[in-house]
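To start, the structure under review is shown below, and the notes come after it.
Coordinate-derived values only; no laboratory data. Keep in mind the model is a prediction, meaning the values are calculated, not measured. When we count neighbours, we look across all protein chains shown, and the Cβ atoms used for this are built from the backbone with ideal geometry, even at glycine.
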Amino acid sequence: MGLDLWHVIPSAKEKEYQEYFTLDELEECPALQERHHHLITEITEVEKVFTIYIFSDELKLAKYGPVGEGREQYTAVLTGLMDQLGEKIAHLETLYCLPVANKSHSVVEVRTPASGEEKLYIQMLSYPISYQTERVLYFKSMGYQRKGMIPAFYEDFINCKNYFKKEDVLKAATYLDLDNKNRPELIKHFPAQFIDNFIEGASIFFASW
């Protein structure tokens with residue numbers, strides 16, 4: 001099982017691709033939102049995508065389909081070679097009023113084949129069809145640790161839950177795997193990365209596995 005521990009704080013957006021929390025994810029700590037209200041920003045992201053899946057022939061479609069389960073209203077399937085499907089693609093774009101200017105093309109592997117079977121790659125055309133705007137806080141890392149906790153940590157902490165109190169970080173420290181001879185740095189690393197620089201009302205601690 002993989003485990004990543006993070007200590008982050010809100011920040012201005014510093015790079016093109018930067019992670020963030022929605023305000024809903026921070027609702028347990030209104031003081032943090034109030035303290036950093038000047039950093040709250042709105043972003044608009046794609047909410048729904050219409051996808052055209054293109055299989056090279058009917059046999060492969062029958063073997064590896066269906067695709068897009070659970071979201072069939074936002075998918076279509078074609079068979080044949082891309083350069084021979086122009087009219088059919090244009091028909092679907094017109095039928096569903098798809099935003100051609102924002103179309104993206106990708107090649108993906110579908111379905112892990114059984115041993116000895118040939119991998120199957122299909123082509124996909126994707127069209128964003130709706131957007132949503134959310135208020136968010138970007139964040140930057142103040143501390144990070146990979147693994148290094150005893151199994152009981154997974155019982156008392158929740159995957160991807162945000163913790164805002166220093167007492168939670170101090171509790172997490174009691175689960176350090178200090179008997180691991182391959183990680184002698186843990187006894188100094190965790191306090192330096194997660195405890196000494198933790199500020200209530202600014203810091204956020206979470207673990208993902």
- [ ] For residue 102 and residue 39, calculate 0.36 nm times their separation in residues minus their Cα-Cα distance, and state this gained length in nm to one decimal.
- [x] 19.7 nm
Task: For the range 1-98, convex hull volume per residue from C-alpha positions, Å³ - done: 218 Å³
- [ ] Treat each spin label as a single point 7 Å out from the Cα along the C-beta direction, and report the residue 91 to residue 152 distance in nm.
- [x] 6.6 nm
Open item on the list: Please report the spacing between the Cα centers of the range 76-139 and the range 3-52 in Å, no decimals.
Closed with: 28 Å
Open item on the list: What would the Debye equation give as log₁₀ I(q)/I(0) for the range 142-205 at q = 0.15, 0.27, 0.28 Å⁻¹, counting only Cα atoms as equal point scatterers?
Closed with: -0.44, -1.35, -1.41
Open item on the list: Below 8 Å between Cα atoms, with a sequence gap of 6+, how large is the relative contact order for the chain in percent?
Closed with: 37 percent
Open item on the list: Taking 20 °C and 1.002 mPa s as the conditions, I'd like the Stokes-Einstein D for the range 74-150 in µm²/s, using the Kirkwood hydrodynamic radius from alpha carbon pairs.
Closed with: 126 µm²/s
TODO: Choose one answer from 153, 164, 194: the residue with the largest mean-square fluctuation in a GNM of the chain with alpha-carbon springs under 10 Å.
DONE: 153
Open item on the list: Please list, ordered by chain and number, the residues whose modelled amide H lies under 5 Å from the amide H of residue 77; skip anything fewer than 5 residues away on the same chain.
Closed with: 53
TODO: Can you quote the Å³ per residue value for the convex hull of the Cα atoms in the chain, rounded to an integer?
DONE: 188 Å³
Open item on the list: If packing is taken as the average count of other Cβ atoms within 10 Å, what order do 137-147, 179-189 fall into, highest mean first?
Closed with: 137-147, 179-189
- [ ] Sketch the reach of a paramagnetic label on residue 4 as a point 7 Å from Cα along Cα-to-Cβ, and name the residues of the range 191-208 whose backbone nitrogen lies under 14 Å away.
- [x] 206-208
Task: Pair residue 14, residue 197: separation of 7 Å Cα→Cβ label points (nm) - done: 1.0 nm
Task: Cα-Cα over 30 Å, subset of 119/161; 15/60; 48/161; 13/166; 161/188; 119/147 - done: 119/161; 15/60; 119/147
- [ ] Can you tell me the dipole magnitude for the chain around its Cα centre, using point charges on the Cβ only (Lys, Arg +1; Asp, Glu -1), in Debye to the nearest 20?
- [x] 420 debye
Open item on the list: Between residue 160 and residue 63, how high is the FRET efficiency from 1/(1 + (r/R0)^6) when r is the Cβ-Cβ distance and R₀ = 30 Å? Nearest 0.05.
Closed with: 0.25
Open item on the list: List the chymotrypsin sites (Phe, Trp or Tyr not before Pro) within the range 8-58 that DSSP assigns to loop and that have no more than 12 neighbouring Cβ atoms inside 10 Å.
Closed with: 17
